[in-house]
1. If you go through segment 93-129, how many residues are under 18 Å from Val144 (Cα atoms), under 24 Å from the mean Cα position of the chain (by Cα) and of a type outside the set (A, V, I, L, M, F, W, C)?
2. Considering segment 106-127 alone, what residues qualify as being touching a Pro at 6+ places or on another chain (Cβ under 8 Å), under 22 Å from Pro74 (Cα atoms) and in contact (Cβ under 8 Å) with a residue 12 or more places away in the chain?
3. Could you tell me how many of the residues in segment 9-45 are closer than 24 Å to Arg322 by Cβ, among the β-branched types (Val, Ile, Thr) and either part of a loop (DSSP other than H, G, I, E, B) or open to solvent by less than 10 Å² (accessible area, probe 1.4 Å) (or both)?
4. Can you name the residue in segment 151-199 that is under 21 Å from the mean Cα position of the chain (by Cα) and of a type in the set (Asp, Glu) and is also modelled with the highest pLDDT among such residues?
5. Can you tell me which of Leu256, Leu192, Leu205 is open to solvent by less than 10 Å² (accessible area, probe 1.4 Å) and on the phi < 0 side of the Ramachandran plot?
6. Inspect segment 333-348 for any residue being at pLDDT 65 or above, loosely packed, with under 14 Cβ neighbours inside 10 Å, over 14 Å from Ser286 (Cβ atoms) and among the aliphatic types (A, V, I, L, M) and give the result as yes or no.
7. So Phe185 passes all but one of these: (1) part of a helix (DSSP H, G or I); (2) open to solvent by 30 Å² or more (accessible area, probe 1.4 Å). Which condition number does it fail?
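The values are calculated or read from the model by the stated rules, or taken from the named source; none is laboratory data. Bear in mind the structure is a predicted one, so any value in this text is a computation, not a measurement. Cβ placement follows ideal geometry from the backbone for every residue including glycine, while neighbour counts extend to all protein chains displayed. Quick note on the areas: whole protein, heavy atoms, side chains included, nothing else; ligands and nucleic acids left out. Shrake-Rupley method; radii C 1.70, N 1.55, O 1.52, S 1.80 Å.
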Amino acid sequence: MVSLPPLSTKPSLRICHLADVHLGYRRYNRLSKGGINQREADVNVAFQEAITRIISLKPDVTIIAGDLFHAVRPSNTVVTFCFRQLRRLAKESGSPVVIVGGNHETPKRADTGSVLQLFSEIDGVYVADATLETFTFKEQSLAVTCLPHAAIIGRDKLDLRADDRFNHNVLVVHAQVNEKWISDFGGAELELKALSPHEWDYIALGHVHIQRAVGLNAAYSGSIEHTSANIWGESSELKGFLEVRLPGAKRTFHPLTSPREVIVLPPIDATDLEPQALSTRIADLSASMAGGLDGKIVRLAIHNVSRETYRNLDHREIRALRAKALNLTLDIVFSTVRPDLERLGKPGKGLLKEQLIEFSKSCAVPGVSSDEISEVLGSYLSKVEAKYEAS
């Protein structure tokens, strides 16, 4: 009997991979109890939960694959909060933390410098913000090669190779890689083959805000909150981080419980609805959500609304609904057909232009023919119709 060799002789290693944290993200004019923008506070809560969950997992290394911050110059409050959380992560997990620069925190001018370098002062935190860098960890027999956003821009070719002296090689990249889904703008675009995927045990990707596998050994962890350019398109996506086991790159997604709920309600066709009926439909749909409207981010599209119907809606009730939600967006699509103009052209009632012609014939103005009168009145009618159609 022939005994088969083991599938792998490499020791196992666990990675926690998160990305697109976007600390300092702000939306809507609501403040938290602490006096900061509510969405900024939401992101802080999600980050704190992620850090606590990762510490409990005790990974061999934690990777943050870009866009730790939402802007190049985050506020002092945000930087202080981040510093404390990263210090807690490095200390309590007892393992290294690797951070790669994303497009949001990368300054356009190289001499401006990146806020990320501050965090390299924390014991156990390693930062690659501008150039291709490789960090090696002998205890884990691990080499982590980092390709930040700034290192990709302007490069015609990437020559990436793993370090064979180590059992495990991981590549960290912040870019749009083989992924048609656009969560954000301004990122570098790459093909997976440009990253030499066969060289790596795992490729940790950042930039796309939804958790997606790009290859057998490459994946996006997604963002930890709803911070993309199109939150409505990602409303059903869970937010969290990945736990990756090497060898094999087996991935487990850990969804967070803290991200605020984003809901897209079924659209309303208001073609035949009177103002009161439409107001009732809006209220009923808002009340149909599990847990109600309170504190949620909600979008409702309403199509084929006449301007008269919109003016006569119960706007006081709509304001009350908006006060309950963190944000209620009503996407109103007005009807392209104006009922008053449509009636003018209905058979049997006569066109207004024809009536003007008949009226001109009965007018008696010395020195002016009926055709000239008809032409002047017709030009005024054309201007009025054009004004209504444009609006």
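1. 3
2. Initial filter on segment 106-127 (touching a Pro at 6+ places or on another chain (Cβ under 8 Å)): 106, 113-115, 124-126.
With the extra rule that they be under 22 Å from Pro74 (Cα atoms), the set shrinks to 106, 113-115, 125-126.
Residues satisfying the conditions are Thr106, Ser114, Val115, Val125, Tyr126.
3. Summing the residues that are closer than 24 Å to Arg322 by Cβ, among the β-branched types (Val, Ile, Thr) and either part of a loop (DSSP other than H, G, I, E, B) or open to solvent by less than 10 Å² (accessible area, probe 1.4 Å) (or both) in segment 9-45 gives 2.
4. Checked segment 151-199; the qualifying residue modelled with the highest pLDDT is Glu189.
5. Testing whether each residue is open to solvent by less than 10 Å² (accessible area, probe 1.4 Å) and on the phi < 0 side of the Ramachandran plot leaves just Leu205.
6. yes
7. Among (1) part of a helix (DSSP H, G or I); (2) open to solvent by 30 Å² or more (accessible area, probe 1.4 Å), Phe185 violates only (1).
Residue-wise test of (1) in contact (Cβ under 8 Å) with a residue 12 or more places away in the chain; (2) in a strand (DSSP E or B); (3) over 18 Å from the mean Cα position of the chain (by Cα).
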{"site": "Ser235", "(1), (2), (3)": "yes, no, no"}
{"site": "Leu242", "(1), (2), (3)": "yes, yes, yes"}
{"site": "Arg251", "(1), (2), (3)": "yes, yes, yes"}
{"site": "Pro259", "(1), (2), (3)": "yes, no, no"}
{"site": "Ile263", "(1), (2), (3)": "yes, yes, no"}
{"site": "Tyr310", "(1), (2), (3)": "yes, no, yes"}
{"site": "Arg319", "(1), (2), (3)": "no, no, yes"}
{"site": "Leu330", "(1), (2), (3)": "yes, yes, yes"}
